[in-house]
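Okay, so here's the structure we're looking at.
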Amino acid sequence: MHPSAHARTHPEKAAYIMAASGEAVTYGQLEARSNQGAHLLRSIGIGAGDGVAIFMDNSPRYYEILWAAQRSGVRFTCISSKLTAGEVEYIVRDSDSKVFIASAGVAEVARQVAPLIAGAKLFLADGAPISDLGPFESFEAARAAMPATPIADESAGSAMLYSSGTTGRPKGVKRAAAADGPQPIDAPNPLVMVGAALYGLNAETVYLSPAPLYHAAPLGWSLAVQILGGTVILMERFDPEFALACIEKYRVTCAQWVPTHFVRMLKLPAETRAKYDLSSLRCVFHAAAPCPIPVKEQMIAWWGPIVHEYYAGTEGNGFCAITADEWLRKKGSVGKGLTAQVKICNEEGDELPPRTEGGVYFAGGGEFEYHNDPEKTAESRNQHGWTTLGDVGWLDEDGYLFLTDRKSFMIISGGVNIYPQEIENLLITHPKVADVAVVGAPHEEMGEEVVAVVQPVDPGEAGEALAAELTAFARASLSRIKTPRRIDFMAELPRHATGKLYKRLIRDAYWGKQGGTIV
């Protein structure tokens, strides 16, 4: 299946609707515009396998560009709209992208990026005024000059999204192709099959997408709904009450969330939550971060046993799922392996028995590699060929997985992955910092907040003035989500004589856990 099929059978049906503006794009319009976009890519020399970088907020043009890329056979990289110019530049260059498409909503940062990526073709979308284009070409104007018929050499493109690398820099995740050679644009999509089987996604689905499309889950699930012929309601930005209003207005049947969305909706006054008709909901599911047990209990009590969960990664090497009914019997679990076998292994890579904590591996799942990082790719595998996302957990006797730690102390704030080493690598360059550790501390709304624990060169300078100076220093180079919300001080960070930092001891202090013994 493919949106082009629905354009032939139901051209007037809405493929997606922008939640705030109400702008609707039909399958017929999506077909014509994505064909024009594909012709545009070919006209500037972009062929199958080439890279296209998409730096956009949730814009009406996003899906048109995604489907143009998909039917052109290109590798498309969606970049967070929250990043700084330097962070965006790195991803554009590392992904070998020959085209950089930005939206008007992020034009200020995009203009800073433009001179840093000489050689890339630049487009600005969302009807930006001609006077504001600068070095960019209007995407809409360039696209409108192209034919609305399919290109002659269609093939299926794919996403290469970015995760963290061993140096703290993000790395592109390249999933192995299901078969050798170019694939047709309507080749089977595993996520579509999972969504149909687990969550009942179909042509009647009205799917609310409350999160940014540059994240793997909102991107993948909303495209799956369009492959099936459903309608996506795309929120320009998340607002808890407006999300409830959208469910009522559009008779939403399905949605994917992160726990922070749940927290914010639950914090609404009871009378506010009660005034919206949510009876159209048939199934919702969440992922991206651990959901506190009390939060999920409240969501199930509010919405009924339709709140499901899954555990997976951008790498696509495995997928665990659990229904609401199962979760009520196995509270805290993220489910059983669906697309691969879950293995718990010790540091030597040997399998451990039930209820023994170890590294979480998938056996028999999808293959992947990290772009330009063979070392990180090798680290993700053990001697059996099983692959890991770096998480720690245990299995019960029934095969249900319980996660107990995160990959390399990654911080998940509001469903967004934040990698401490990049922040540490910056802060350690400040002349007043002798040592630093960045950890996640509990935060009622966001799940976790970024905390930098600093060992000052001069212990006498520890205090509010130095904290403010370091915050400003970090903010100049890092996006807001990565900038520490809190800076604390220690006279000396706990390091072994070999130089190894016992970060767990620091993190556990914030989570109220008993520190381990240093050997």
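Points to keep in mind about this one:
- Size of electric dipole in the chain: Cβ of Lys, Arg +1 and of Asp, Glu -1, about Cα centre, debye, nearest 20: 420 debye
- Among 134-140, 115-121, sorting by the average number of other beta carbon atoms lying within 10 angstrom of each residue, highest first, gives 134-140, 115-121.
- Near-label residues of the stretch 98-129 by backbone N, under 14 Å of a point 7 Å along Cα→Cβ of ALA144: 125-129
- Secondary-structure-derived ellipticity at 222 nm for the chain, considering helices only, amounts to -8500 deg cm²/dmol, per-run term -39500 (n - 2.57) for DSSP H runs with n ≥ 4.
- Between the listed residues GLY512, ILE344, GLY366, the Cα displaced farthest toward the positive end of the dipole of the chain, a dipole computed from Cβ unit charges relative to the Cα centre, is found at GLY366.
- Given charges at Cβ of Lys, Arg, Asp, Glu: the stretch 1-121 dipole, positive-most of SER21, VAL88, GLY119: GLY119
- Values of log10 I(q)/I(0), in the order q = 0.24 Å⁻¹, for the stretch 406-499 under a Debye, Cα-only, solvent-free model: -1.29
- Placing unit charges on the Cβ atoms only, positive for Lys and Arg and negative for Asp and Glu, gives the stretch 1-131 a dipole magnitude near 320 debye about its Cα centre.
- For the stretch 1-156, radius of gyration divided by Kirkwood radius, i.e. Rg to Rh on alpha-carbons: 0.96
- The charge dipole of the stretch 210-362, taken about its Cα centre with unit charges on the Cβ atoms of Lys, Arg (+1), Asp and Glu (-1) only, comes to about 520 debye.
- Distance from the stretch 313-352 to the stretch 401-452 (C-alpha centre basis), Å: 24 Å
- For the chain, DSSP calls about 55 percent of its internal beta bridges antiparallel.
- Amide H contacts of GLY318 (H built 1.01 Å from N, in plane; Pro and chain starts excluded): GLY313, GLY366 sit under 5 Å, all sequence-distant by 5 or more or on other chains.
- The lysines whose alpha-carbon is closer than 21 Å to the alpha-carbon of LYS376, local same-chain residues fewer than 8 away aside, are LYS171, LYS174, LYS343, LYS407, LYS500, LYS503.
- Database remark: amide H of ILE233 closer than 5 angstrom to the amide H of ILE17, TYR207, LEU208, SER209 (H placed geometrically; neighbours at sequence offset of 5 or more, or on other chains; Pro and chain starts carry no H).
- Only lysine pairs 8 or more places apart, or on different chains, with alpha-carbon atoms under 15 angstrom apart are counted in the stretch 253-342, and they number 4.
- Excluding same-chain neighbours fewer than eight residues apart, the lysines reachable from LYS121 by a Cα-Cα span under 16 Å are LYS98.
- Two-site label geometry, LEU198 and GLN383: point separation in nm, points 7 Å out along Cα→Cβ: 3.3 nm
Quick note: the coordinates plus some simple rules give every number you see, no bench work behind them. Everything numeric in this text was worked out from a predicted model, so none of it was measured. Every residue, glycine among them, receives a Cβ derived from its backbone with ideal geometry; neighbour counts consider all protein chains shown.
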